[in-house]
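The structure appears below as structure tokens.
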């Protein structure tokens, strides 16, 4: 065999067929993996190659072929295919497959999160606002996107809440004044700004007093929704003279 000849980097191609051959394709992929894990057949324990591109061999409209290639690829992903050979490059064909793959290999016990720390949005300076949010991926990307789209220069502190959103983290005691104080200290942001004002999420308003006591910073309670950040900053940050010396930011 090839293994005896020293060829170990192998890929198995069970064959990919659409149309009437689709049931056989799915059965073949499934049975190969079952043979490995249930019957202990090590000879079948190599990556599986799927070729949704095969649907283009027949006639038909291009749009129909793209749709067929997309759903065939999705079926192969959940039937243990490790490599896919595709023809279509359209975003609407590939994006669902990427999302499907990412969600299959995501641990449901561990929410999708981003790395905690201090993020610079735009080109912040010593007069720029300092805000914080949690490291739940959806929360972070929503908040940062709203700040970026408004062309605001700011420091965004991401606090480790084990991947929970603001409201859930507050309720579950994953977001506390002590955690905020620790994150603020570790970020070193106090060396980057000349003020001591921290804007917190509106849904964490109940922690405002505790955060002030733990950090020594003055807390400004922000909007409940990050889409309100531009208006909030215009009214509470850029117009009032909150920073040292009374100079407004450019």
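Each reported figure results from applying straightforward, stated rules to the coordinates on display, with no laboratory input. All figures in this text were calculated on a predicted structure; none of them were measured in a lab. With ideal geometry, Cβ positions are generated from the backbone for all residues, glycine too; neighbour counts draw on all protein chains shown.
Neighbour counting of Cβ atoms within 10 Å sorts the residues 5, 70, fewest neighbours leading, into 5, 70.
The slack between residue 192 and residue 206, meaning 0.36 nm per residue of separation minus the straight C-alpha distance, is 2.3 nm. Quick one: if the Förster radius is 51 Å, what FRET efficiency do residue 85 and residue 123 give, using the C-beta to C-beta distance and rounding to 0.05? Efficiency, rounded to the nearest 0.05: 0.70. The range 215-239 and the range 80-100 have Cα centres separated by 41 Å.
If I take every Cα pair under 8 Å that is 6 or more residues apart in the chain, average their sequence separation and divide by the length, what percent do I get for the relative contact order? Normalised by residue count, the contact order of the chain is 13 percent. Reported value for the range 1-89: 101 Å³ per residue, from the convex hull of its C-alpha atoms.
Quick check: the angle from helix 177-187's long axis to the longest principal axis of the chain, C-alpha only, nearest 10 degrees? Roughly 80 degrees between the two axes. With neighbours defined as other Cβ atoms within 10 Å of a residue's Cβ, the residues 203, 79, 33, 61 order from fewest to most as 61, 33, 79, 203. Extension gain for the segment residue 38 to residue 4, taken as residue separation times 0.36 nm less the Cα-Cα distance, is 9.8 nm to one decimal. Applying 1/(1 + (r/R0)^6) with r as the Cβ-Cβ distance of residue 173 and residue 92 and R0 = 35 angstrom yields a FRET efficiency of 0.25.
Relative to the longest principal axis of the Cα atoms of the chain, the long axis of helix 137-149 makes an angle of roughly 60 degrees. Put the Cα centre of the range 5-60 next to the Cα centre of the range 166-208 and the gap is 51 Å. State the label only: which of (1) 40, 31, 14; (2) 52, 22, 15; (3) 40, 19, 17 corresponds to semi-axes √(5λ) of the Cα gyration tensor in Å computed from the shown model? Only one option fits the structure, namely (2). Using a/c under 1.5 as the rounded threshold, could you call the range 144-244 rounded, prolate or oblate? The axes a ≥ b ≥ c are square roots of the C-alpha gyration tensor eigenvalues, and prolate needs a/b larger than b/c, oblate otherwise. Note, shape of the range 144-244 comes out oblate.
So, R0 is 30 Å and r is the distance between the beta-carbons of residue 110 and residue 148; what FRET efficiency does that work out to, to 0.05? Computed FRET efficiency for residue 110 and residue 148: 0.65. Of all DSSP beta bridges confined to the chain, the antiparallel ones make up roughly 30%. Length gained on full extension, residue 22 to residue 63: 12.9 nm, using 0.36 nm per residue less the C-alpha separation. In the chain, the longest principal axis of the Cα atoms and the axis of helix 91-104 are about 80 degrees apart.
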